[in-house]
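Colleague: Got a structure for you, written out below as structure tokens; questions coming shortly.
The values are calculated or read from the model by the stated rules, or taken from the named source; none is laboratory data. Keep in mind it's a predicted model, so treat the numbers as computed, not measured. Note that we place each Cβ from the backbone using ideal geometry, even for glycine, and neighbour counts take in every protein chain shown. To get the accessible areas, we keep the full protein, side chains included, count just its heavy atoms, and leave off ligands, DNA and RNA. Shrake-Rupley method; radii C 1.70, N 1.55, O 1.52, S 1.80 Å.
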Amino acid sequence: MTGELNWAGNVQYGASHVIYPRSLEELQDAVATSELIRPLGSRHSFSTVADSEGILVSLANLPKTVEVDATAQTARVAAGMTYGEVAIELHRQGWALHNLASLGHIAVGGACATATHGSGDRNKCLSAAVRAMSVVDSQGEMADVEANVDGDRFAATQAGLGGVGFVVTASLAVEPTYDVAQRVYLNLPFATFAANYEEILSSAYSVSLFTDYRATRFTQVWRKQRVLLGEPLAWPAVFFGAEGVDDSVHPVPGMSPDATTRQGGAVGPWHERLPHFRLDHTPSSGEEIQSEYLVAREHAAAVLEALAAIAPAIAPVLLVSEVRSIAADDVWLSPAFGRDTVAFHFTWRRDPPAVLEALAEIERQIRPYDARPHWGKVHRFSPEQLFQAYPRLAAYQDERRRLDPSGVFSNAFLDSLARGQ
């Protein structure tokens, strides 16, 4: 074992070593000569999805490329780059992505592999922007995999959990660059959200609501709005009873807002507003664990009520919880596959036994609502429950076995799924 840890320090990787190839040929040779090998992104997964008993490979040292095809409106980007690096270069060239996650520090390859998302009623997960990929297969050979051409192979690779090959580059849908402004509102009652959640979640391009479950209210509502040319934004002083603030705040009460993106309605480029945290600040690592459960949007109020009912089991272990919405997509392993979705995210204190106890209570409460856990977060779902939650998981497993019959890209996480099939 390397002794190396993930971003938060709650997972120690079982790999013999981690390598950082500087060329495609070096990566291909490593794959062709290894019995067990897996890609390692920015280490921001809190589950063991990225682990390996063989070799882990970071693509961070491969050449950083962002090549825009203006006609096709796609950008071919190196999968080892972070979204922050890609966003800065895209903006410099006059282009943008449809959305970003709350952190820009995550790698494109890892974020897409786990169907990571941002927020917005009409915004799909990050993987949904993938139009094509260059992949190193289990023999160390290069293959181009394209949407509308490669059928099941594309679908299995688009959010492939690292199990079907090394995605070296991804072609992402882009659009002309745009500006965004955000404003935060304080103290929105749960009852108000329950009665008006469709209007609240659709009230801006991206909406996030934060709570600590110590009272029946959201402590903060972050509303991010695209700025249309010639149409000034009008920010109400009060939003469904929540008071707007002009100063910047951190989602976790008591923490300095210095690391957060600028608020108060100040207009800025998309990549400096859509994430919650600034690209030029390194997020503090450690001292937390994350979980996330995603349900069909029509269950938003019922799930919030169910969680509020067990607040005493949640609040003592919780740093902050965030509620976001995501548009339906057709990405096989996306938690938003086939349904408009609301995500309930939990950032926990790094106390694994206490977190697992809280998760047991949460999963009992939300069982009637067909929740799907995020692949890169901590949960207690059994393999059987995962197959029930993800309708295309069996198809993914079949394609994974076809593309990697020797199990070069396997790990304990993926192997455990076989028990549920």
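Colleague: Taking the Cα centre of the chain as the origin, how large is its charge dipole in debye, to the nearest 20, when only Lys and Arg (+1) and Asp and Glu (-1) carry charge on their Cβ atoms?
Modeller: Roughly 620 debye for the chain.
Colleague: With an 8 Å Cα cut-off and a minimum separation of 6 or more residues, compute the relative contact order for the chain in percent. Write out the running numbers ahead of the final one.
Modeller: Numbers: 990 pairs, mean separation 76.0, N = 421.
About 18 percent, as a whole number.
Colleague: Give the residue from Pro383, Leu172, Ile19 lying farthest towards the positive end of the charge dipole for the chain; charges sit on Cβ (+1 for Lys and Arg, -1 for Asp and Glu) and the dipole is referred to the Cα centre.
Modeller: Pro383
Colleague: In sequence order, what are the phi-derived ³J(HN,Hα) couplings for segment 169-184 according to the Karplus relation 6.51 cos²θ - 1.76 cosθ + 1.60 with θ = phi - 60°, rounded to whole Hz, with x for glycine and proline?
Modeller: 9, 10, 8, 10, 5, 10, 9, x, 4, 8, 9, 9, 10, 9, 9, 10
Colleague: Angle between the Cα long axis of helix 190-201 and the longest principal axis of the chain, 0 to 90 degrees, nearest 10?
Modeller: 60 degrees
Colleague: If you don't mind, another one. When Rg is the radius of gyration of the Cα atoms in segment 278-393 and Rh is its Kirkwood radius, what does Rg/Rh come to?
Modeller: That ratio equals 0.97.
Colleague: Next up: Could you give the dipole magnitude of segment 115-261 about its Cα centre, charging the beta-carbon of Lys and Arg +1 and that of Asp and Glu -1, in debye to the nearest 20?
Modeller: 380 debye
Colleague: Using only C-alpha positions, report the orientation-averaged shadow area of the convex hull of segment 160-307, nm², one decimal.
Modeller: On the way: hull surface 46.9 nm².
Mean projected area for segment 160-307: 11.7 nm², to one decimal.
Colleague: While we're looking at this one, here's another question. As an exercise, identify the trypsin sites (Lys or Arg not before Pro) in segment 179-283 lying in DSSP coil whose Cβ has no more than 15 other Cβ atoms within 10 Å. Provide the component values of the computation, followed by the final result.
Modeller: Working: sites: Arg183, Arg214, Arg217, Arg223, Lys224, Arg226, Arg262, Arg273, Arg278; in loops: Arg214, Arg262, Arg273, Arg278.
Answer in residue order: Arg214, Arg262.
Colleague: Any idea of the accessible area per residue across segment 201-347, 1.4 Å probe, to the nearest Å²?
Modeller: Value for segment 201-347: 38 Å² per residue.
Colleague: Only bridges whose two residues both fall in the chain count here: according to DSSP, what percent of them are antiparallel, nearest 5?
Modeller: Just about 90 percent of them are antiparallel.
Colleague: Sticking with this one: Once both labels are modelled 7 Å past Cα along the beta-carbon direction, what's the Ala237-Asp415 spacing in nm?
Modeller: 6.4 nm
Colleague: Then there's this: Once you place label points 7 Å from the Cα toward the Cβ at Asp247 and Asp280, how far apart are they in nm?
Modeller: Inter-label distance under the simple model: 2.2 nm.
Colleague: Among the GluC sites (Glu not before Pro) in segment 251-336, which ones are in a DSSP loop with at most 14 other Cβ atoms within 10 Å of the Cβ? Mind listing them?
Modeller: Passing sites in segment 251-336 are Glu287.
Colleague: What's the magnitude of the charge dipole for segment 318-371 around its Cα centre, counting Lys and Arg as +1 and Asp and Glu as -1 at the beta-carbon? Answer in Debye, nearest 20.
Modeller: It comes to approximately 140 debye.
Colleague: So, one more: Grab the other residues whose beta carbon is less than 12 angstrom from that of Gly14, score K and R as +1, D and E as -1, and report the net.
Modeller: Here the charged neighbours net out to -2.
Colleague: Within straight cross-link reach of Lys224, meaning Cα distance under 13 Å, which aspartates and glutamates are found once same-chain residues fewer than 8 apart are removed?
Modeller: Asp121, Asp179, Glu272
Colleague: Here's another thing I want to ask about it. Could you tell me which of Gln158, Ala195, Phe46 has its Cα farthest along the dipole of the chain towards the positive end, charges placed at Cβ (Lys, Arg +1; Asp, Glu -1), taken about the Cα centre?
Modeller: It is Ala195, whose Cα lies furthest towards the positive end.
Colleague: Next question, about the same structure. Excluding ligands and nucleic acids, what accessible area in Å² is computed for Thr169 using a 1.4 Å probe, to the nearest 10?
Modeller: Its accessible surface works out to 10 Å², give or take rounding.
Colleague: With an 8 Å cut-off on Cα pairs and a minimum separation of 6 or more residues, tell me the relative contact order of segment 175-311 in percent.
Modeller: It rounds to 31 percent for segment 175-311.
Colleague: Using a 1.4 Å probe on the protein heavy atoms, what percent of the accessible area of segment 37-88 belongs to carbon and sulfur? Spell out each step's value before the answer.
Modeller: Working: 960 of 1860 Å².
About 52 percent, which is the carbon plus sulfur part of the accessible surface.
Colleague: Oh, and also: Taking the DSSP beta bridges in segment 1-62 as the whole, what percent of them are antiparallel, to the nearest 5?
Modeller: 10 percent
Colleague: Also, quick follow-up: Most fluctuating residue of Asp121, Asp150, Asp340 in a GNM of the chain with Cα springs under 10 Å: which is it?
Modeller: Asp150
Colleague: Still on this structure, I have one more. Counting other Cβ atoms within 10 Å, keep those with at most 14, restrict to DSSP loop, and tell me which GluC sites (Glu not before Pro) in segment 73-162 are left.
Modeller: Numbers: sites: Glu85, Glu89, Glu141, Glu146; in loops: Glu141.
Sparse-neighbourhood loop GluC sites (Glu not before Pro): Glu141.
Colleague: Could I ask something else about it? From the P(r) of the chain, can you give the percent of Cα pairs sitting at distances over 40 Å?
Modeller: 13 percent
Colleague: Can you give the calculated 222 nm mean residue ellipticity of the chain, where each DSSP H run of n ≥ 4 adds -39,500 (n - 2.57) and the sum is split over every residue, rounded to the nearest 500 deg cm²/dmol?
Modeller: So the calculated ellipticity at 222 nm is -6500 deg cm²/dmol.
Colleague: Roughly how many nanometres apart are two label points built 7 Å out from the Cα toward the Cβ at Asn148 and Asp351?
Modeller: Those two pseudo-labels are separated by 5.3 nm.
Colleague: Further question on the same structure: Of the options Thr211, His271, Gly407, report the single residue whose Cα projects farthest towards the positive end of the charge dipole of the chain (beta-carbon charges: Lys, Arg +1; Asp, Glu -1).
Modeller: Thr211
Colleague: I've got another one for you. Please report how far the C-alpha centroid of segment 99-159 lies from that of segment 348-421, rounded to the nearest whole angstrom.
Modeller: Here the answer is 19 Å between Cα centres.
Colleague: Compute the angle between helix 352-366 and the longest alpha-carbon principal axis of the chain, please, reported from 0 to 90 degrees and rounded to the nearest 10.
Modeller: Between the helix axis and the principal axis of the chain, the angle is about 70 degrees.
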